[in-house]
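Enquirer: This structure is in structure tokens; I'll ask about it shortly.
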Amino acid sequence: MKKSELPDPFGDARSEKGYGEINDQNDPVTMLLRHKDVRKSAHNYKNFTSEAVPGRIVVPSEVNIRETRQIPFEVDPPVHGAYRAIVEPWFKRPLQPEYQEKLTAQISANIAEVLQKGTVEVVEGFALPLQSKALTLLLNTPFAESKTWISWGTHVFRSEGEALDGDKANILYKYIDAQIDRASENPGDDMYSVLLASEFEGRQLTKEEVKGVMVLTFAGGRDTVINAVTNSIAYLAEHPEALERFRKDPEIIGKAVEEFIRYFSPLTQMGRVVTEDTQVCEHALKADSRISLCWASANRDAGVFENPNEIVLDRKMNPHVGFGFSHHNCLGATHARQILKILLQTLAEKVGSMEILDYKENIEDLGEFKRKVGYDQIEVKFNKL
Ligand code: EMZ
């Protein structure tokens, strides 16, 4: 097996029964594994709500470490749509040429740095700083803030050896509270200030609502982006022909980004709470129990994707659900896509080859399933073109 491979642990369960079960902190989850069921249930917010106790739709559940409702993530339609309309234009800014120029400058500098160093531990030494620096563009805050965020490590709610870390979460909450207070006393053109000034149903957003959007922005796009960046590097290290292809046909890079998202599925799953007794795959689901929409499994469904376990750089039909599906599709997707697109372009322009020297896999423990999501560490040697 290649080092960059991400095996699909769900294959048998997906074809045999269509679901799997895991016990998450005594609040079990029925994981839906088929593409069709995942999409249908994601769309059906009446039976499968996101508006549960804050943290409960996340797997592993965050009910013990979070009280703030993430917005618009933990709200159902129609209110969801009203919140989403407020934040959507801000999250589309990565489409602007000036934004992309700044992001290109950041990523080029990061790549120049690793080329100069030669050998780098990619998670902490490349992907984390890249993610945090890029976040200063999304938030429109000073570049220097990225230093603080880098110091928090790859996940804001988890630390090494601990699934959920309340002390760590408090660092993020305190930081965000302080930023919201600063912006409310002295408004600028950053995301906190823009949200504080936004109108929702004829009134301004409250500080708690702004905090809900900010916590989502910090938490949702952190380990996911870091894993996507790290996995891209690992794949390209083992597939130099892909870099060559990007140099020859740069127009396929957009398709390659989608394919990477499908294959890597940086977010394994997202939960919902069942509102009334119902059934999926002939399996009874009780009201107030949890299900999850397993994006990672749906993205390997052979009924939808030919050769699902292979990366096909220019895959033609690619209805992947790596960014979720329906009402709650990923708000940060525009930003994430730009990061990956510019990363692939710049690597192709500057890097001749990469070599994986050493690595430790990051394996998610999902009861009967063990899923590799990326790496805890990966030492890579970068060679100039
Ligand atoms: C939540 C989630 C959102 C959660 C789209 O995903 O991402 C997770 O990484 C966070 O821990 O709180 O934001």
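The values are calculated or read from the model by the stated rules, or taken from the named source; none is laboratory data. Note that the structure is predicted; figures quoted are calculated from it, not measured. Here the Cβ is made from the backbone with ideal geometry for all residues, glycine too, and neighbour counts use every protein chain on show. Areas reflect the complete protein model, heavy atoms only, side chains present, ligands, DNA and RNA absent. Shrake-Rupley method; radii C 1.70, N 1.55, O 1.52, S 1.80 Å.
Enquirer: Can you give me the C-alpha center-to-center distance between region 306-384 and region 30-46, rounded to a whole angstrom?
Expert: So the separation of the two Cα centres works out to 23 Å.
Enquirer: Each residue of region 291-307 in order: what ³J(HN,Hα) in whole Hz does its phi give by Karplus 6.51 cos²θ - 1.76 cosθ + 1.60, θ = phi - 60°, with x for Gly and Pro?
Expert: Result, ordered by residue: 10, 10, 9, 8, 4, 5, 6, 4, 6, 10, 6, 5, x, 10, 10, 6, 6 Hz.
Enquirer: Placing +1 on the Cβ of each Lys and Arg and -1 on the Cβ of each Asp and Glu in the chain, which of Thr141, Ile107, Tyr173 has its Cα farthest towards the positive end of the resulting dipole?
Expert: Sorting the options by dipole projection puts first Ile107.
Enquirer: Search the structure for amide H atoms under 5 Å from the amide H of Lys372, placed 1.01 Å from N in the peptide plane, and list their residues when 5 or more places away or on another chain.
Expert: Counting only residues 5 or more places away or on other chains, the set is Glu364.
Enquirer: Here's a follow-up. Which of the pairs Lys3/Lys384; Lys40/Lys168; Lys102/Lys370; Lys46/Lys174; Lys147/Lys384 have their Cα atoms more than 30 Å apart in this structure?
Expert: Correct reply: Lys40/Lys168; Lys102/Lys370; Lys46/Lys174.
Enquirer: Provide Rg over Rh for region 56-162; use the alpha carbon set for both Rg and the Kirkwood Rh (inverse mean inverse pair distance).
Expert: 1.04
Enquirer: Give the residue list of chymotrypsin sites (Phe, Trp or Tyr not before Pro) in region 228-320 that are DSSP loop and have at most 13 other beta-carbon atoms within 10 angstrom.
Expert: Counting only loop positions with at most 13 other Cβ atoms within 10 Å, none of the chymotrypsin sites (Phe, Trp or Tyr not before Pro) in region 228-320 qualifies.
Enquirer: In Å², what does the accessible area per residue of the chain work out to with a 1.4 Å probe?
Expert: Accessible surface, normalised per residue, equals 43 Å².
Enquirer: Quick check: Cα centre of region 228-250 to Cα centre of region 55-94, how many Å?
Expert: 33 Å
Enquirer: Would you grab the residues whose amide H sits under 5 Å from the one on Val280? Only those 5+ places off in sequence or on another chain, please, with H modelled 1.01 Å from N.
Expert: HN-HN under 5 Å from Val280: Leu285.
Enquirer: In nm, to one decimal, how far is the Glu16 label point from the His283 one, both placed 7 Å along Cα→Cβ?
Expert: 1.2 nm
Enquirer: Of Cys294, Cys330, Cys281, which has the largest mean-square fluctuation in a 10 Å C-alpha GNM of the chain?
Expert: Maximum among the listed residues: Cys281.
Enquirer: What are the residues whose amide H is under 5 Å from the amide H of Glu361, where those residues sit 5 or more places off or on another chain and H is modelled from the backbone?
Expert: Under 5 Å from the amide H of Glu361 lie the amide H atoms of Asp376, each far enough along the sequence or on another chain.
Enquirer: Now a separate question. Taking just the alpha-carbon atoms of region 133-181, what radius of gyration and Dmax come out, in angstrom?
Expert: Final numbers for Rg and Dmax: 11.7, 33 Å.
Enquirer: On the accessible surface of the chain, probed at 1.4 Å, how many percent belong to carbon and sulfur atoms?
Expert: The nonpolar share, carbon plus sulfur, comes to 50 percent.
Enquirer: Find, among the trypsin sites (Lys or Arg not before Pro) in region 289-385, those assigned to loop by DSSP (not H, G, I, E, B) with at most 12 other beta-carbon atoms within 10 angstrom.
Expert: Loop-located and lightly packed - Lys316.
Enquirer: Just from its helices, what would the mean residue ellipticity at 222 nm be for the chain, if runs of 4 or more DSSP H residues each count -39500 (n - 2.57) and the sum is divided by every residue, rounded to the nearest 500 deg cm²/dmol?
Expert: It lands at -13500 deg cm²/dmol.
Enquirer: Using just the alpha carbons, could you tell me how many Å³ per residue the convex hull of the chain encloses?
Expert: 131 Å³
Enquirer: For region 116-262, what does the convex hull of the Cα positions come to per residue, in cubic angstrom?
Expert: 167 Å³
Enquirer: Where in the chain are the DSSP H helices whose C-alpha atoms run 27 Å or more along the long axis and whose mean Kyte hydropathy is at least -1.0?
Expert: Result, helices passing both filters: 97-117, 166-185.
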